[in-house]
Structure formats: C-alpha cells, structure tokens
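Visitor: This is the structure, below, for whatever I ask next.
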Amino acid sequence: MTEVTAPVPSRVVLNHADIDRALTRIAHEILEANKGSQDLVLLGIPRRGYPLAVRLADKIASADPSVNASAIVGQLDVTMFRDDLSHQPARPPYPTRLPLSGIDNKVVVLIDDVLYSGRTIRAALDAIIDLGRPRIVRLAVLVDRGHRELPIRADHVGKNLPTSSSEKVRVHLEEIDSVDGRPINEVVIEAGA
C-alpha cells in the first residue's frame with residue numbers, strides 16, 4: 001500500500017505585482033541612499049538573489065538612463081564560506097562573477113531573496129573580503145522574516161514578514177521556477193510540521 005502525503009498548507013504573501021512593486025521601491029531606495037548610481041555594484045547571492053539583482057539593475061537603469069544594467073550586476077557564491085556546510089544538504093557551488101569594474105572602492109549592494117538567520121550574509125561578507133575592498137557594503141532582501149542568529153540587518157527590505165521558526169518561506173521566481181511549465185513569481189509561507 002502506498003502512503004499518500006497530504007499537501008503542505010501554504011499561503012501566498014507576495015504575488016507577481018507585489019514583488020515588482022517591492023523591487024521598484026528597493027531600486028529607488030538604493031539610488032537615494034547612494035545619491036545616484038555612481039560606483040554602484042549589485043551582487044546577487046545564488047540562487048534567487050541573482051535574478052533579483054538583475055531585475056533591480058534593470059529598474060535602476062530605467063530610473064537612471066546613464067546606467068548600463070548588465071555592467072553593474074554580478075553573482076557572489078558563498079557556498080564555501082558558510083559555517084553550516086555540515087548541517088546543510090550538499091549543493092554545487094555557483095560561479096562568482098564580478099562586473100568588469102570590480103568591487104574595489106565601490107558601493108556594493110548584496111541582494112538575496114530571504115533574510116533569516118543571517119548566516120548566508122555573514123558568508124557573503126567573508127567572500128567579498130576575499131575579492132576586494134568595497135567602500136561600502138549594503139544589503140537588500142525581498143523578504144526579512146526575522147529569527148536572526150547574527151547581528152545582521154538589511155538596509156533595503158521588500159517586505160518584513162513575521163513568521164514562526166517552524167514555517168518555511170519559499171520565493172518562486174520565473175527565471176528559476178515553474179508550475180506545470182508556467183513561470184511563477186510569488187512568495188509563499190508553508191506551515192511547519
């Protein structure tokens with residue numbers, strides 16, 4: 001006899017339009033905090049931080065036509081800098097790609113999908129130190145769900161989302177995710193066990 005598992009109860013907390021509005025707001029906040037686009041570099045943390053960084057770069061370029069969106073975006077893999085590798089399922093590292101201008105003396109904005117314990121961002125800071133010396137490092141996240149284990153705070157947040165530690169926050173982005181072959185853009189909270 002085959003055991004059937006019940007679907008996990010979940011609720012959508014950000015839909016496609018909500019994500020787009022949040023990213024537009026974050027892009028304008030980044031420009032305002034930086035007093036323009038001078039020396040700006042966006043580094044997305046794989047997996048979902050990178051497509052968010054690309055979207056943010058496009059929004060920044062729309063607001064400031066002097067910006068070449070592809071020239072300010074990079075990807076920062078933090079896998080080998082994590083302090084919890086033995087506690088996480090194995091995953092292949094993604095390539096780190098910096099913009100041609102590098103990160104030395106730049107305003108680097110780390111981009112991630114969900115800020116939770118702070119451990120991924122701590123690893124990202126270690127990775128950045130290995131690559132250069134930015135003038136400033138800021139953090140932008142689509143969702144801040146709380147439950148920090150380290151003293152890390154986001155400078156730009158799409159949505160603060162109080163959750164219990166047993167709940168899971170899932171970000172689905174069309175660049176990576178699909179349901180029945182259709183791209184999907186949403187943030188979902190799944191009930192814990």
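The values are calculated or read from the model by the stated rules, or taken from the named source; none is laboratory data. Keep in mind it's a predicted model, so treat the numbers as computed, not measured. Positions of Cβ are backbone-derived with ideal geometry, glycine not excepted, and every protein chain shown enters the neighbour counts. The accessibility values were calculated without ligands, DNA or RNA, using every heavy atom of the protein model including side chains. Shrake-Rupley method; radii C 1.70, N 1.55, O 1.52, S 1.80 Å.
Visitor: Relative contact order for segment 85-148: what is it in percent, counting Cα pairs under 8 Å that are at least 6 residues apart?
Guide: Details: 63 pairs, mean separation 28.9, N = 64.
It rounds to 45 percent for segment 85-148.
Visitor: How much FRET efficiency would the formula 1/(1 + (r/R0)^6) give for residue 35 and residue 105, where r is the Cβ-Cβ distance and R0 is 22 Å, rounded to 0.05?
Guide: 0.90
Visitor: Do you know the Lys pair count in the chain for C-alpha distances under 21 Å, with sequence separation 8 or more or different chains? Present the calculation step by step, with values, prior to reporting the outcome.
Guide: Values: 35/59; 35/106; 59/106; 59/159; 159/168.
So the count works out to 5.
Visitor: With every protein chain left in place, what is the accessible area per residue of the chain in square angstrom, probe 1.4 Å?
Guide: 54
Visitor: Might you report the magnitude of the Cβ-based charge dipole of the chain about its Cα centre, with Lys and Arg at +1 and Asp and Glu at -1, to the nearest 20 debye?
Guide: Its charge dipole is roughly 320 debye.
Visitor: In what sequence, highest mean first, do 55-67, 174-186, 102-114, 156-168 appear when ranked by Cβ atoms within 10 angstrom?
Guide: Those peptides, ordered most packed to least, come out 102-114, 55-67, 156-168, 174-186.
Visitor: Now for a different question. What length, rounded to one decimal in nm, is gained on full extension from residue 176 through to residue 62, with 0.36 nm per residue of separation minus their alpha-carbon distance?
Guide: So the extension gain works out to 38.7 nm.
Visitor: Then there's this: Report, to the nearest 10°, how far helix 49-63 tilts away from the longest principal axis of the Cα atoms in the chain, using its own Cα long axis and a range of 0 to 90°.
Guide: It is inclined by approximately 50 degrees.
Visitor: Roughly how many nanometres apart are two label points built 7 Å out from the Cα toward the Cβ at residue 84 and residue 165?
Guide: 1.0
Visitor: Based on Cβ point charges of +1 for Lys and Arg and -1 for Asp and Glu, what charge dipole magnitude is obtained for segment 17-56 about its Cα centre, in debye rounded to the nearest 20?
Guide: The dipole of segment 17-56 has a size of about 160 debye.
Visitor: Sticking with this one: I'd like the orientation of helix 16-34 relative to the chain: the angle between its Cα long axis and the longest Cα principal axis, in ° from 0 to 90, rounded to 10.
Guide: 30
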